[in-house]
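Mind having a look at this structure? Questions to follow.
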Amino acid sequence: MPTDTPQPSFVLVRPQMGENIGAAARAMWNFGLDRMRIVDPRDGWPNPAATAMASGAGRLLDEAQLAPDLPSALSDCHYVYATTARGRELTKPILSPEEAMQDAARRIADGQKVAVMFGPERSGLENEDVVRASAIITVPVNPDFPSLNLAQCVLLTAYEWRRASAAVPEGRVHMHNTEWASQTEIEALAVHYEDRMQEAGFFYPDHKATSMRQTLRNFWSRMPLTQADTRLLHGILRQMVRWKDRGDGGA
C-alpha cells in the first residue's frame, strides 16, 4: 500500500517506453514519493521493461493507478501542475520546480489533493492536456536544448518536493462550511456553462470555437474554486436561463 505521507500524485500522461516509466518510479522513490498515476501508456500495462528499470522501486509500479484518460486521472484533485518547456498561448501562472513544490506543500498541508502532470517523451503535453492544469512548471534549461527526459523531469520535481516538504511554510485557508472543489466538480461546472453557451450561440464563428472553449476551460482551472463556489455558479446560470425562458423548465 502507498505510504500515508502527504504528497502530490505524479501523473504520467501517455508515456511511451516502459524503461522511462521505470526510471520515473526510481526517481520518485529516491525522494519518498510513491503515488504514480499512468494515463493510457502506449505499450500497455503492466510493462516488464518498466519493472526491470524500476529496480528497488517495483512496489511503486505495482501500486500505480492506471487511467484510460486524463480527466479520470485528475478527477479527485483540487490543484494540478503541468510540466512543459514549450511556450503556450494560455494565461496561467508559470513556476519553477522549486516554487511549484513549495506551493504544493502549502496546498497539501491545507488539505488539498495535488497532482503534477508529465507528458509523453516525444512531444510532451498537448494544449488539450495543459488547459486542465491550474499552473505550469517550467525548468530553466538551455533554450537551445530545452527537452528533458521524462525521468529527469520527474527527478527534478521530486527533489524539489523533498526540499519543500521538509519544512512546510505556515499559512492556510480557513474553509467555512465547504471544501475545495475537485476536478470532477469543476469539469461538471465547465460542461454546464459550455452547453448553455453553445445553445446561446456564444461559440461563433465556428473556426474560433475550439480556441474559445480552451480559453473558457483554462479560466475555470485557473481559479481556486470551492464546492460552495461551484454550487453558486451552477445556480446563477440556471436562474439566468429560467429568467430568459420563463416557464420552459429551466436549465
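Please verify whether Ala85 is outside the structural domain of Asp229 (by TED's automatic domain parsing) and crowded, with 23+ Cβ neighbours inside 10 Å, treating the condition exactly as stated.
So Ala85 fails the test.
While we're here: Quick check on this structure: which one of Ile21, Ile38 is in the same structural domain as Leu156 (by TED's automatic domain parsing), among the β-branched types (Val, Ile, Thr) and part of a helix (DSSP H, G or I)?
When all the criteria are applied, what remains is Ile21.
The values are calculated or read from the model by the stated rules, or taken from the named source; none is laboratory data. All values reported here derive from a predicted model rather than from experimental measurement. Positions of Cβ are backbone-derived with ideal geometry, glycine not excepted, and every protein chain shown enters the neighbour counts.
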